[in-house]
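Notes follow the structure.
The values are calculated or read from the model by the stated rules, or taken from the named source; none is laboratory data. Everything quoted here is computed from the prediction, not taken from an experiment. Cβ sites come from the backbone with ideal geometry, for glycine too, and all protein chains shown count toward neighbours. With ligands, DNA and RNA removed, areas are computed over all heavy atoms of the protein, side chains included. Shrake-Rupley method; radii C 1.70, N 1.55, O 1.52, S 1.80 Å.
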Amino acid sequence: MKILYAASEALPYISTGGLADVVGSLPKAVKAELGGNADVRVVIPMYPAIRDKYFDKLELVCETTVRLAWRNQYCGIWKTVSDGVTFYFIDNLYYFERSMLYGNFDDAERFAFFSKCVLELMAAVNFYPDVLHANDWQTALSVIYLKRKYAHLEEYRRISALFTIHNIDYQGVFDFGILGDVFELPEWDRSIVEYNGCINLLKGAIACADMVNTVSPTYSREILTEYYASGLHHILRQIDWEGKLTGIINGIDVGYYNSETDPDIAATFTADDLSGKAIDKADLQRTCGLPEKPDVPVIAMVSRLAAHKGFDLVKRVIEELITCTTAQFVLLGTGEPMLERFFYDLGQRHPDRFCVKLEYNKALSKKFYAGADMFLMPSKSEPCGLAQMIASRYGTVPIVRECGGLADTIRPFNEYDETGNGFSFKNYNAHDMKHVVEYAISMYCHHSKWRNLVKNTMNVDFSWNVSAKRYIDIYNKIG
């Protein structure tokens with residue numbers, strides 16, 4: 001079986017969030033499962049950070065030009081091999097030599113070019129996969145181009161397409177004025193990408209793909225409702241009725257996130273010997289300028305600062321939690337300026353109880369995961385969520401709202417039979433969240449119960465093993 005993954009980012013090369021974790025881990029898990037029976041490859045853009053850090057490990061495959069409407073643009077194809085998976089990097093300074101991966105004025109053109117390169121790459125390296133697995137709106141056009149522009153060619157005719165929606169809130173919506181000039185789509189393809197009077201690339205990929213999946217079973221059901229679908233519930237209900245929609249929970253790279261071997265944390269530890277976690281907790285408290293109190297619970301959040309991540313709930317009750325409990329709170333992330341200001345001011349008012357680090361720092365995030373006792377994730381919407389799984393790998397007990405992948409991965413702790421691997425609440429309500437946080441803090445004081453809960457948390461298998469098999473089932477079905 002031959003599989004080509006197309007995405008805008010992948011670990012360890014470049015990352016802004018969960019998409020990179022998936023694209024960095026899933027192909028390797030699929031390759032490991034299929035062994036010599038699979039040729040698995042990945043293609044992402046060549047960003048400055050990749051060039052700076054990995055250039056000496058990359059091999060130039062070829063240089064060519066790719067036509068996009070009236071443009072002929074340079075395309076350099078570089079590669080490296082990791083764990084049996086070939087990673088390709090599309091090099092074009094004009095489009096990808098940027099300080100930001102996303103949020104540029106010409107993102108439509110940048111990722112249209114990249115999507116066209118995905119199809120041209122196949123011919124350039126003579127690799128025509130059985131399945132093209134595209135991810136999110138940035139590669140939606142690769143699916144649309146495959147089915148609408150390349151399907152008449154013999155080499156491309158047999159390629160099937162799986163399209164994964166990692167977050168339906170980001171859809172690639174643009175004005176129809178660029179349909180031909182930028183996206184190189186003729187007027188007769190207008191209906192393929194049209195939704196609510198605009199070009200909607202996510203809708204186009206959904207319509208063209210052989211199968212569509214989301215990153216958790218619960219989220220695949222949620223997005224059939226108007227509340228969660230960001231306007232696309234009608235098209236999603238249609239493909240669900242046709243049997244084209246499914247949900248597969250993400251895994252994480254359990255080698256990269258491993259409390260027993262992680263070089264980025266102060267001390268390693270296991271579920272049976274948590275002595276190292278106490279050292280990590282003291283290290284986190286020092287890093288955050290908090291008093292080193294081993295018996296006081298530390299509650300962490302590592303997240304993009306956005307309202308839909310539940311920060312409006314946190315804002316509502318954080319002062320009450322600081323006043324009414326002994327817990328220390330630590331927050332790592334960047335995002336909406338208003339939220340950044342709020343939590344910065346909170347840290348200034350309560351320097352011994354609350355610390356915020358306004359940065360995106362992968363290595364520092366591991367110190368948060370390993371050093372905290374609890375991990376708060378009260379999302380309004382969460383397609384899958386990786387942070388609760390990562391926290392679990394480090395014995396940091398998740399507190400989540402029951403939505404999307406959070407509902408699929410966290411089972412509420414039962415203090416009587418000591419089952420479960422976290423705490424949860426259902427209603428999107430600040431005081432429901434506050435009540436569960438207070439309950440978790442009360443359980444922290446029952447040391448034997450808490451040790452058993454931590455062990456439960458660390459022993460859950462969040463690897464890609466099961467999920468990779470489910471993806472392989474889809475590849476076999478459509479390939």
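Elements of the type strands (runs of 3 or more DSSP E) sitting completely within segment 132-236 and holding at least 1 residues that are more than 27 Å from V466 (Cβ to Cβ) and more than 20 Å from the chain's Cα centre (by Cα): these cover 198-200. Selection of segment 358-398 for residues being assigned to a helix (DSSP H, G or I), surrounded by fewer than 24 Cβ atoms within 10 Å (Cβ to Cβ) and free of Cβ contacts under 8 Å to residues at least 60 places away in the same chain yields an empty set.
Among the residues of segment 90-103, those that are of a type in the set (A, V, I, L, M, F, W, C) and either surrounded by fewer than 13 Cβ atoms within 10 Å (Cβ to Cβ) or in a strand (DSSP E or B) (or both) comprise I90, L93, M100. Residue selection: D181 satisfies the criterion of being of a type in the set (D, E, K, R) and either under 21 Å from Y102 (Cα atoms) or touching a residue at least 60 places away in the same chain (Cβ under 8 Å) (or both). Taken over segment 54-66, the criterion of being surrounded by 13 or more Cβ atoms within 10 Å (Cβ to Cβ) and touching a residue at least 40 places away in the same chain (Cβ under 8 Å) is satisfied by Y54, V61, T64, V66.
With respect to (1) surrounded by 23 or more Cβ atoms within 10 Å (Cβ to Cβ); (2) touching a helix residue (DSSP H, G or I) at 6+ places or on another chain (Cβ under 8 Å), the lone exception for L121 is condition (2).
So, of the residues in segment 300-315 that are open to solvent by less than 40 Å² (accessible area, probe 1.4 Å) and not in a helix (DSSP H, G or I), which turns out to be nearest to G395 (Cα to Cα)? Steps first, answer last, please.
Kept after step one, since they are open to solvent by less than 40 Å² (accessible area, probe 1.4 Å), are these residues of segment 300-315: 300-303, 305-306, 309-311, 313-314.
Filter once more, so that each one left must be not in a helix (DSSP H, G or I): 300-303, 305-306, 310.
Working: A300: 12, M301: 14, V302: 15, S303: 18, L305: 24, A306: 26, G310: 22 Å.
Applying the filter and picking the extreme gives A300.
Just the residues that are modelled with pLDDT of 95 or more and either closer than 30 Å to K203 by Cα or not acidic (D, E) (or both), please, taken from segment 251-266.
Answer for segment 251-266, where residues must be modelled with pLDDT of 95 or more and either closer than 30 Å to K203 by Cα or not acidic (D, E) (or both): N258, S259, T261, P263, I265, A266.
When the residues of segment 407-436 are narrowed to those that are part of a helix (DSSP H, G or I) and not aliphatic (A, V, I, L, M), which ends up least open to solvent (accessible area, probe 1.4 Å)? Only one residue tops the list, namely T409.
Quick grid of which residues meet (1) modelled with pLDDT of 95 or more; (2) over 25 Å from N250 (Cα atoms); (3) of a type outside the set (V, I, T):
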{"position": "E9", "(1), (2), (3)": "yes, no, yes"}
{"position": "S15", "(1), (2), (3)": "no, no, yes"}
{"position": "V22", "(1), (2), (3)": "no, no, no"}
{"position": "V43", "(1), (2), (3)": "yes, no, no"}
{"position": "I50", "(1), (2), (3)": "yes, no, no"}
{"position": "E59", "(1), (2), (3)": "yes, yes, yes"}
{"position": "T65", "(1), (2), (3)": "yes, yes, no"}
{"position": "L68", "(1), (2), (3)": "yes, yes, yes"}
{"position": "D83", "(1), (2), (3)": "no, no, yes"}
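When D136, D169, D83 are checked against the criterion of being surrounded by fewer than 20 Cβ atoms within 10 Å (Cβ to Cβ), touching a residue at least 40 places away in the same chain (Cβ under 8 Å), closer than 30 Å to T218 by Cα and not β-branched (V, I, T), D169 stands alone in meeting it. The set of residues in segment 464-479 that are open to solvent by less than 20 Å² (accessible area, probe 1.4 Å) and not aliphatic (A, V, I, L, M) comprises W464, S467, Y471, Y475.
Does segment 316-357 hold any residues that are basic (K, R) and either over 22 Å from the mean Cα position of the chain (by Cα) or open to solvent by less than 30 Å² (accessible area, probe 1.4 Å) (or both), and which are they?
So in segment 316-357, the residues basic (K, R) come out as 316, 341, 349, 353, 357.
Within segment 316-357, R316, R341, R349, R353 qualify.
Just so you know, in segment 67-79 the residues that are within 22 Å of I178 (Cα to Cα) and aromatic (F, W, Y) include one that is least open to solvent (accessible area, probe 1.4 Å), and it is Y74. Only one of the listed residues (E194, E242, E222) is out of contact with any strand residue (DSSP E or B) (no Cβ under 6 Å at 6 or more places or on another chain) and loosely packed, with under 14 Cβ neighbours inside 10 Å. That residue is E242.
When segment 437-461 is filtered for residues that are open to solvent by less than 20 Å² (accessible area, probe 1.4 Å), farther than 16 Å from A327 by Cα and either assigned to a loop (DSSP other than H, G, I, E, B) or out of contact with any Lys or Arg (no Cβ under 9 Å at 6 or more places or on another chain) (or both), only L453 remains.
Pairing each residue of segment 148-164 that is open to solvent by 20 Å² or more (accessible area, probe 1.4 Å) with any residue that is aliphatic (A, V, I, L, M), provided the two are 6+ apart or on different chains, yields C-beta distances under 7 Å for R148/I192; R157/A151.
Candidates in segment 256-275 are the residues that are of a type outside the set (D, E) and out of contact with any Gly (no Cβ under 9 Å at 6 or more places or on another chain); of these, the one that is least open to solvent (accessible area, probe 1.4 Å) is Y257.
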